[in-house]
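Single-structure report; data block below.
The values are calculated or read from the model by the stated rules, or taken from the named source; none is laboratory data. The shown structure was predicted, so the numbers you read here are calculated from the model rather than taken from an experiment. Counting neighbours? That spans all protein chains shown, and the Cβs are built from the backbone with ideal geometry, glycine included.
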């Protein structure tokens, strides 16, 4: 039987402690905003302004047109100092001044005119794989685009009706994130990371702090049960966590112009479940750790890192090795992230549609809370 | 009436014996002192009584309730103050007390009456809105005491409550304890201060987890060893040689300023005086609890 007077006493005490503790206040209100500002700008998967070295051995109007196409796309910035100087370009690539070199061959125009295949040499710094892959992708698109235009001109110049010319081009349509802006994709990820950090970190401190104050011993000598202790201590953090979700969402929508197409009730419902998971994890750390520092470290490694690395925030879960995919089932951020991306980017998403995520979140939170309360019961001191 | 009864209590930490066959009874309104050096098992004993630690074997009943069966009920009858004062540093004096009142289900009415009374008794009434971290050591200790008394426990359990507190606060604190014992609260208090032991109605001396002496302080001090205070005569110097000569006659020797305090072996008074009266002024003094303790440990 839960005694609500006791739970209320614990709740009130915990709340006052948070409000009067500067460190907690910073974690609650300052950190989320700073994090979303820093990461919202820094963690971007849109790659722009790739420095490129250009060697134009043909030096014709066609080759200049091609170069112009690449430069005016906005994705590449030419490294002018080494223009047409292979040695300088290679040096620049080596010291990471540029990421890509393209070499236009002598016979560029000539072969094109004859209708022969033309190959453009493209040297890419693969040490930063992400940039390399994306850069090459851009170049391919730009080049085939350019080639198509030439074909069209050629066809026109021969007086053939271009509409009759068999010409196939893929027409790609993007749903949900039409602009393919990665901030739209990242902000939801950030929200789950920030929530995990705030909720798990704050709770991981609570019981250790009691132990350090020596108050834990007194609490244990009172009639408080471990269920009452957990409920009384966690409720303030659930409230704070929900306030934080709203705060960060508001920031994402107003500052980064991320669309918010779902509804707020769905958001709060799933946030509640997710916070419960995070609190359960924090509580568990708290009851295992002996010192506050220890609790912080444990939270970072077991709660924060997985929710960044294994949740699908940075790397898609599907592309992870099977064993790690299994492990990622225990990472609550994985489900919350799906939910958030859906709520932000898709219309008419209801709680029912996301029932799988809801069930998983409930299961994970129950798991952590039960284990935490068992540990608290067992480790009396 | 026995408020606390302990029979053949034993506690092992893994294979290490921490408490060995402890038995005692405490009556209503008694101040029961647990005296012993650090590591003698005082805190372990108190933690077992409060239910924070589990015993290995033995029987404990508090207010007629068996700790094995009615442990949850017992918690309403006891108040425990641990070595570190049990306070939330950022909560005010009043918030700290209200918290513990809430935990024990004290009604608002009871809280008003008792809280005021306790605050006035301890002189903390003027500091109600001060955060606990800003209190002096003595005030912290009193606040901790109020927090453990707010639910009117029948048995108060205090673990070295005066450790690190100034002498004036210590005296005040003991006056408050005596007031409560007169009202019928049984008080179990551990201490390593021997002068505090003398203020108890009953004491046990704990050493390496065993009770080596049990009784009231006056009985306990009736030992048949003589305690002597020695002062060097003019022009004499003390050196290792002399100490070595004294050693066979005594169970304990200690130095207090210019004075040397010795507890003699049984019936050793005459031979000792004969041997050393050319070197020292020899004065017989009445033994303190500390002397008793030293003698017992020396055995």
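What to note about this one:
- Taking the numbered list (1) out of contact with any helix residue (DSSP H, G or I) (no Cβ under 6 Å at 6 or more places or on another chain); (2) farther than 16 Å from residue A:13 by Cα; (3) away from every other protein chain (no Cβ under 12 Å) in turn, residue B:125 passes all entries but (1).
- Within region A:8-16, the presence of at least one residue that is more than 30 Å from residue A:194 (Cβ to Cβ) and either more than 14 Å from every other protein chain (Cβ to nearest Cβ) or surrounded by 20 or more Cβ atoms within 10 Å (Cβ to Cβ) (or both) is confirmed.
- Any hit, region B:18-35, residues being within 14 Å of chain A (Cβ to nearest Cβ) and under 25 Å from residue B:141 (Cβ atoms): no
- Residue satisfying all of: in region A:217-227; part of a helix (DSSP H, G or I) and at the interface with chain B (Cβ under 9 Å from one of its Cβ atoms); surrounded by the most Cβ atoms within 10 Å (Cβ to Cβ) among these: A:218
- For region A:350-375, a residue qualifies if it is within 21 Å of the chain's Cα centre (by Cα) and surrounded by 19 or more Cβ atoms within 10 Å (Cβ to Cβ), and the qualifying residues are A:354, A:357, A:360, A:361.
- Just one residue in the set A:276, A:305, A:352, A:359 is free of Cβ contacts under 8 Å to residues at least 40 places away in the same chain and under 19 Å from residue A:194 (Cα atoms); that residue is A:305.
- Scanning region B:171-197 for residues that are outside any helix (DSSP H, G or I) and surrounded by fewer than 18 Cβ atoms within 10 Å (Cβ to Cβ) yields B:183, B:184, B:192, B:193.
- Filter pass, residue A:234 being part of a helix (DSSP H, G or I) and under 19 Å from residue A:371 (Cβ atoms): yes
- Yes/no for residue A:248 being surrounded by 19 or more Cβ atoms within 10 Å (Cβ to Cβ), part of a helix (DSSP H, G or I) and within 23 Å of the chain's Cα centre (by Cα): yes
- Screening region A:281-381 for helices (runs of 4 or more DSSP H) wholly inside it with 2 or more residues that are touching a helix residue (DSSP H, G or I) at 6+ places or on another chain (Cβ under 6 Å) and under 14 Å from residue A:203 (Cα atoms) returns the ranges A:292-299, A:355-378.
- Residues in region B:50-75 that are facing chain A (nearest Cβ under 10 Å), surrounded by fewer than 18 Cβ atoms within 10 Å (Cβ to Cβ) and more than 18 Å from residue B:11 (Cβ to Cβ): B:72, B:73.
- Some residue of region B:128-151 being on the phi > 0 side of the Ramachandran plot and within 14 Å of another protein chain (Cβ to nearest Cβ): no
- Selection count, region B:1-40, where residues are crowded, with 20+ Cβ neighbours inside 10 Å, at pLDDT 90 or above and in a loop (DSSP other than H, G, I, E, B): 1
- Total residues in region B:164-212 satisfying the condition of being farther than 19 Å from residue B:145 by Cβ and more than 14 Å from the chain's Cα centre (by Cα): the figure is 4.
- Residue count, region A:61-109 (criterion: assigned to a helix (DSSP H, G or I) and either over 18 Å from residue A:149 (Cβ atoms) or touching a strand residue (DSSP E or B) at 6+ places or on another chain (Cβ under 8 Å) (or both)): 18
- Set A:48, A:69: member being more than 14 Å from chain B (Cβ to nearest Cβ) and under 28 Å from residue A:189 (Cβ atoms): A:48
- Each residue in region B:100-151 was checked for being surrounded by fewer than 18 Cβ atoms within 10 Å (Cβ to Cβ) and within 26 Å of the chain's Cα centre (by Cα), and 6 of them qualify.
- Within region A:51-64, none of the residues are modelled with pLDDT under 85, surrounded by 15 or more Cβ atoms within 10 Å (Cβ to Cβ), more than 14 Å from chain B (Cβ to nearest Cβ) and within 37 Å of the chain's Cα centre (by Cα).
- Residues of region B:80-93 that turn out to be more than 16 Å from the chain's Cα centre (by Cα) and within 11 Å of another protein chain (Cβ to nearest Cβ), as a count: 7
- So residue A:239, is it surrounded by fewer than 22 Cβ atoms within 10 Å (Cβ to Cβ) and in a helix (DSSP H, G or I): yes
- Exactly one residue out of A:30, A:36 is more than 14 Å from chain B (Cβ to nearest Cβ), surrounded by fewer than 19 Cβ atoms within 10 Å (Cβ to Cβ) and in a helix (DSSP H, G or I), and it is A:30.
- Taking each residue of region A:151-163 that is not assigned by TED's automatic domain parsing to the domain that holds residue A:112 and looking for partners that are part of a helix (DSSP H, G or I) and at pLDDT 75 or above with beta-carbon atoms closer than 8 Å, six or more apart or interchain, yields A:162/A:152.
- Entry remark, region A:17-27: residues being within 17 Å of residue A:239 (Cβ to Cβ) and more than 7 Å from every other protein chain (Cβ to nearest Cβ) number 5 in total.
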